[in-house]
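Working notes, beginning with the structure itself.
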Amino acid sequence: MSPLRWRKSSFSTGDAANCVELAADSVGTSHLRESDDPEVVISTTPAALRAFLRAAKAGAFDRLEG
């Protein structure tokens, strides 16, 4: 497997170490990580990532209680 080519979020500023990065592998799996903890990687399908992003943009996670 070739190394992943990570892209920073367009909302990231400068060289800050707290940005979301995204990469796709040769079979199309999406990978996400936070740049300040690059060893932790979340992998998902493109369809699941699209659904998550749609829900986030719609505000589905704005008022989560924990």
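The values are calculated or read from the model by the stated rules, or taken from the named source; none is laboratory data. The shown structure was predicted, so the numbers you read here are calculated from the model rather than taken from an experiment. Every residue, glycine among them, receives a Cβ derived from its backbone with ideal geometry; neighbour counts consider all protein chains shown.
Which of the residues belonging to region 39-49 are exposed (fewer than 14 other Cβ atoms within 10 Å of the Cβ) and of a type outside the set (Ser, Thr, Tyr)?
GLU39, VAL40, ILE42, PRO46, ALA47, ALA48
Kindly list, by first and then second residue, each pair from a residue in region 2-14 that is at pLDDT below 75 and of a type in the set (Gly, Ala, Ser) to a residue that is assigned to a loop (DSSP other than H, G, I, E, B) and surrounded by 12 or more Cβ atoms within 10 Å (Cβ to Cβ), limited to pairs with Cβ atoms under 7 Å and residues at least 6 apart or on different chains.
Close Cβ pairs (under 7 Å, with a partner that is assigned to a loop (DSSP other than H, G, I, E, B) and surrounded by 12 or more Cβ atoms within 10 Å (Cβ to Cβ)) amount to SER12/CYS19.
For region 14-33, which positions are surrounded by 10 or more Cβ atoms within 10 Å (Cβ to Cβ) and over 14 Å from the mean Cα position of the chain (by Cα)?
Let us first name the residues in region 14-33 that are surrounded by 10 or more Cβ atoms within 10 Å (Cβ to Cβ), namely 16-25, 29-33.
Result: ALA16, ALA17.
Keeping to region 20-60, report how many residues are assigned to a loop (DSSP other than H, G, I, E, B) and either at pLDDT 90 or above or touching a His at 6+ places or on another chain (Cβ under 7 Å) (or both).
Final tally of qualifying residues: 11.
Does region 34-50 hold any residues that are under 13 Å from the mean Cα position of the chain (by Cα) and small (Gly, Ala, Ser), and which are they?
Scanning region 34-50 gives SER35, SER43, ALA48.
Quick one: ASP36 ticks every box in (1) without any contact (Cβ under 8 Å) to a residue 12 or more places away in the chain; (2) loosely packed, with under 12 Cβ neighbours inside 10 Å bar one, so which box is it?
Of the numbered conditions (1) without any contact (Cβ under 8 Å) to a residue 12 or more places away in the chain; (2) loosely packed, with under 12 Cβ neighbours inside 10 Å, the odd one out for ASP36 is (1).
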